[in-house]
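First the structure, in the form of structure tokens, and then the observations on it.
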4 protein chains.
Amino acid sequence: MTFKARDAGFQARVRSSFAKQAAMRTIGAEIVHVAPGEVDLRLPFREELTQQHGFMHAGIIGAVADSACGYAAYTLMPAEAAVLSVEYKLNLMAPAAGEAFIARGRVKRAGRTLTVCTADVFALKGGEERLIATMTGTMMAVTDRGLSG
Amino acid sequence: MTFKARDAGFQARVRSSFAKQAAMRTIGAEIVHVAPGEVDLRLPFREELTQQHGFMHAGIIGAVADSACGYAAYTLMPAEAAVLSVEYKLNLMAPAAGEAFIARGRVKRAGRTLTVCTADVFALKGGEERLIATMTGTMMAVTDRGLSG
Amino acid sequence: MTFKARDAGFQARVRSSFAKQAAMRTIGAEIVHVAPGEVDLRLPFREELTQQHGFMHAGIIGAVADSACGYAAYTLMPAEAAVLSVEYKLNLMAPAAGEAFIARGRVKRAGRTLTVCTADVFALKGGEERLIATMTGTMMAVTDRGLSG
Amino acid sequence: MTFKARDAGFQARVRSSFAKQAAMRTIGAEIVHVAPGEVDLRLPFREELTQQHGFMHAGIIGAVADSACGYAAYTLMPAEAAVLSVEYKLNLMAPAAGEAFIARGRVKRAGRTLTVCTADVFALKGGEERLIATMTGTMMAVTDRGLSG
């Protein structure tokens, strides 16, 4: 699907808001792609974010996918809106093992209030990408709660 | 619903496995309740886990709820099983603002292979609890992949 | 949770709207309980709504649970609103075998625009109830699209 | 994604099982495409399957999407397996208005026991397709419960 951003400054707006997500900084995620309706985040493997078998924790994978979805939605929102997650669902398809992980957030349908996004998450290992998880989420544009960014 | 653990050592088994979840240690979550089919986790508010508006990141709330679900399921599994998340869905109902958060994982239906759990997440503020999120997840007992704990 | 309906005429409004759901009439579902934040629907077993093994089709169970959620949300909406399903998730926990099925829709959190509901679905057999499925859904109050009821 | 069916007779097996889904016959759905990991179902608009505003009921759309997912998964299962829905989530993106609807079930990841599928549902109107809903579901291969087809 191809989308057109209504706010020409969406790139800077997304990057500036993402930079305020302390949680993403703490876990080490960074933005590697921003386009209208699209945001990719990259998360390096980190020992301190694993679950009991040494794989990355499913919840951490979910957190990165949630941010990828939220910012994909945010690329298409008006400049004055804030974005909030209404709900998301994550299916885990393979253990989160690898050197790094890429969550590719994509808008599936952009509405005035609600935007539906998906994020496929891939593990990178030895130059190969493997699909390990997939999310579908609903994101909300909020303009009247005194939130910004 | 009332469940009976088939492994008398489920308490120690759950706590020992949880202690191996580096991700939970990193974000500061701890177990505050374990019973057959029930696990509660407590997460203090932490500046470094917030999203762009200063609330706890929805993905971090999801990570704690996922662990609460997984370990609630794990209380009922046989001693030799490992637990993996198949999928989970999180609805966010209010901003994650508060001094701490409690995720109450509860088994809804325990099957031989798959267990369905819910987790309500509450924000604690000034001695009051407020429901901020709810998860339903599917957890899987795995016995043949060389995983333990 | 206890809710108070803001529209005193919610009972009649819910029943009148439900009566317009041709799909519910076609599959044979009827309302058996309406209270603020609560709607129960009853669906008799019907051979013509089964899947390939003779159980009721998971999608039909989902349809009844979706209506139970939607009308539970609708009990709390203002008189002039219409209700639409934003999304729902259904976990199937046991085969849908029985003489009839009850879907108990309950509001978990009522917001101005979005309402989160759950619906547990029970199979009735020989006087006993057995939990077979559980739904969490997001319902939306719409007031500006020319929809009514 | 490209998949290879392990059972050469998957086409006949899928069609024969689908023919046993009385629910699909009752609502008027038919198979219009079967390939490894892919099943498309077509549902004509029917007045008797509408909700209160005259659109097709979200639960009926969900039922067709669930069958599309289940049979997409079933194409890749061994001949002796039966398929059951573990869970599914449906996001509704536009009112289900149109002359007919196509649910395109696609396998995202096929496992030994669990298969993750998606189904996009499109409304057909005046020769155009419009995306109205999207599902992600988990399907299970069952070989030990005396179920067949």
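The values are calculated or read from the model by the stated rules, or taken from the named source; none is laboratory data. Please read these numbers as outputs of a predicted model, since none were measured by experiment. In this analysis, Cβ positions are derived from the backbone assuming ideal geometry, glycine residues included, and neighbour counts consider all displayed protein chains. SASA here: full protein model, heavy atoms, side chains in, ligands and nucleic acids out. Shrake-Rupley method; radii C 1.70, N 1.55, O 1.52, S 1.80 Å.
Just check the protein assembly as shown against the gyration tensor rule for me: Cα atoms, a ≥ b ≥ c as the square roots of the eigenvalues, rounded for a/c under 1.5, and otherwise prolate or oblate depending on whether a/b exceeds b/c. All intermediate terms of the calculation are to be shown ahead of the outcome.
Details: a/c = 1.28, a/b = 1.15, b/c = 1.11.
It comes out rounded by the Cα gyration axes.
Give a residue-ordered list of calculated ³J(HN,Hα) values for the stretch B:111-127 (Karplus: 6.51 cos²θ - 1.76 cosθ + 1.60, θ = phi - 60°; whole Hz; x for Gly, Pro).
x, 5, 9, 10, 10, 9, 10, 10, 9, 8, 10, 10, 8, 9, 8, x, x
When you look at the Cβ of every residue in A:114-124, what mean number of other chain Cβ atoms sits within 10 Å? Don't skip to the end; give the middle numbers.
Numbers: counts 8, 1, 8, 1, 4, 0, 1, 0, 0, 0, 0.
Mean inter-chain Cβ contacts per residue within 10 Å come to 2.
Using helices alone, what [θ] at 222 nm do you get for chain C, with -39,500 (n - 2.57) per DSSP H run of 4 or more residues, divided over all residues and rounded to the nearest 500? Working shown, then result.
Numbers: 3 runs with 33 residues, N = 149.
Rounded to the nearest 500, it is -6500 deg cm²/dmol.
What is the average number of partner chain Cβ atoms found within 10 Å of a Cβ in A:7-13? Please list the in-between numbers first.
Numbers: counts 0, 0, 0, 0, 0, 0, 0.
Partner-chain Cβ atoms within 10 Å, mean over residues of A:7-13: 0.
For C:T75, list long-range residues whose amide hydrogen, built 1.01 Å from N in the peptide plane, is under 5 Å from its own amide hydrogen.
Amide H to amide H, under 5 Å and 5 or more residues apart or across chains, C:T75 pairs with C:G37.
Going from the alpha-carbon gyration tensor of the stretch D:1-66, what semi-axes, largest first and in whole Å, does one get by taking the root of 5 times each eigenvalue?
Values: eigenvalues 153, 33, 13 Å².
Each semi-axis is √(5λ); the values are 28, 13, 8 Å.
Given Cβ point charges of +1 (Lys, Arg) and -1 (Asp, Glu) and nothing else, what value in debye, to the nearest 20, does the dipole of the stretch A:44-149 about its Cα centre take? Let's see the in-between values first.
Numbers: 10 positive and 10 negative charges, 72 e Å.
That gives the stretch A:44-149 a dipole magnitude of about 340 debye.
Under a 1.4 angstrom probe, counting protein chains only, how are D:T136, A:T26 ranked by accessible area, largest first? Could you put the intermediate results ahead of the total?
Numbers: D:T136 10, A:T26 50 Å².
From most exposed to least exposed: A:T26, D:T136.
Treating only the Cβ atoms of Lys and Arg (+1) and Asp and Glu (-1) as charged, compute the dipole magnitude of the stretch D:1-90 about its Cα centre; round to the nearest 20 debye. Could you put the intermediate results ahead of the total?
Values: 9 positive and 9 negative charges, 39 e Å.
Using Cβ point charges on Lys, Arg, Asp and Glu, the stretch D:1-90 gives about 180 debye.
Using a 1.4 angstrom probe on protein heavy atoms only, which residues from the stretch B:16-30 are buried by at least 20 Å² of accessible area when all chains are present rather than their own chain alone?
B:K20, B:Q21, B:A22, B:A23, B:T26
Give the relative contact order (percent, whole number) for chain B; include only Cα pairs under 8 Å separated by 6+ residues. Walk me through the numbers before you get to the answer.
On the way: 353 pairs, mean separation 37.0, N = 149.
Once divided by the residue count of chain B, the mean separation gives 25 percent.
Each residue of the stretch A:71-87 in turn: what ³J(HN,Hα) in whole Hz from Karplus with 6.51, -1.76, 1.60 and θ = phi - 60°, glycine and Pro shown as x?
6, 4, 4, 5, 4, 9, 7, x, 4, 8, 7, 10, 10, 10, 7, 7, 6
Of the heavy-atom accessible surface of chain A (probe 1.4 angstrom), what whole percent is carbon and sulfur?
Details: 2670 of 5410 Å².
Result for chain A: 49 percent of the exposed heavy-atom area is carbon or sulfur.
Measure up B:K108/C:K20; C:K108/D:K89; A:K89/C:K125; C:K125/D:K20; B:K4/C:K4 against 26 Å on the Cα-Cα distance and list the ones that go over. Don't skip to the answer; put the middle values down first.
On the way: B:K108/C:K20 33 Å; C:K108/D:K89 18 Å; A:K89/C:K125 33 Å; C:K125/D:K20 24 Å; B:K4/C:K4 37 Å.
The pairs that break the limit, which is 26 Å between Cα atoms, are B:K108/C:K20; A:K89/C:K125; B:K4/C:K4.
Given the rotation relating C and D, tell me which residue in C puts its Cβ closest to the axis and the distance in Å.
Per the C/D rotation axis, the closest residue of C reads C:K89, 2.
Enter the Cα centre distance for the pair the stretch B:13-71 and the stretch D:107-149, rounded to the nearest angstrom.
32 Å
Along Cα-to-Cβ, 7 Å out, sits the label point; list in nm, shortest first, how far the one on B:D144 is from those in the other copies.
0.8, 5.6, 5.6
Once the dipole of the stretch D:11-104 is set up with Lys and Arg at +1 and Asp and Glu at -1 on Cβ about the Cα centre, which of D:G62, D:A100, D:I31 lies farthest towards its positive end?
Selected residue: D:I31.
Efficiency by 1/(1 + (r/R0)^6): what FRET value for D:A35 and D:A100, r their Cβ-Cβ distance, R0 = 25 Å, to the nearest 0.05?
Values: r = 21 Å, r/R0 = 0.82.
Efficiency at R0 = 25 Å is approximately 0.75.
Report the calculated FRET efficiency for D:A19 and C:A19 (r = Cβ-Cβ distance, R0 = 30 Å), to the nearest 0.05.
Numbers: r = 34 Å, r/R0 = 1.12.
Step by step, r from the Cβ atoms, then E = 0.35.
Let me cross-check C:S17: its accessible surface, 1.4 Å probe, with only protein heavy atoms counted, in Å² to the nearest 10?
So the heavy atoms of C:S17 present about 0 Å² to solvent.
Could you give each residue of the stretch B:40-48 its phi-based ³J(HN,Hα) in whole Hz, using Karplus coefficients 6.51, -1.76, 1.60 with θ = phi - 60°, and x for Gly or Pro?
Rounded to whole hertz, the list is 10, 10, 10, 10, x, 5, 9, 3, 6.
Going by amide H atoms built from the backbone, whose H comes under 5 Å of the H on C:I132, apart from near neighbours?
C:V121, C:F122, C:A123
Hull surface divided by four, with the convex hull built on the Cα atoms of chain B: how many nm²? The partial results should precede the final answer.
On the way: hull surface 34.0 nm².
Hull-based average projected area comes out at 8.5 nm².
Please compute the per residue accessible area over chain B with all protein chains in place, 1.4 Å probe, rounded to a whole number of Å².
Numbers: 5400 Å² over 149 residues.
Value returned for chain B: 36 Å² of accessible area per residue.
Given a 1.4 Å probe and no ligands, DNA or RNA in the count, how much accessible surface is buried by B and A, both sides, to the nearest 100 Å²?
On the way: alone 7690 and 7710 Å², together 12490 Å².
The contact between A and B buries close to 2900 Å².
Taking D:R112 in one copy and the same position in all the others, each labelled 7 Å out along Cα→Cβ, what are the pairwise distances from the first, in nm, shortest first?
Distances between equivalent label points, in nm: 1.5, 5.3, 5.3.
Placing a label point 7 Å from Cα toward Cβ, how far apart in nm is B:E47 from its equivalents in the other copies, listed shortest first to one decimal?
2.7, 6.6, 7.1
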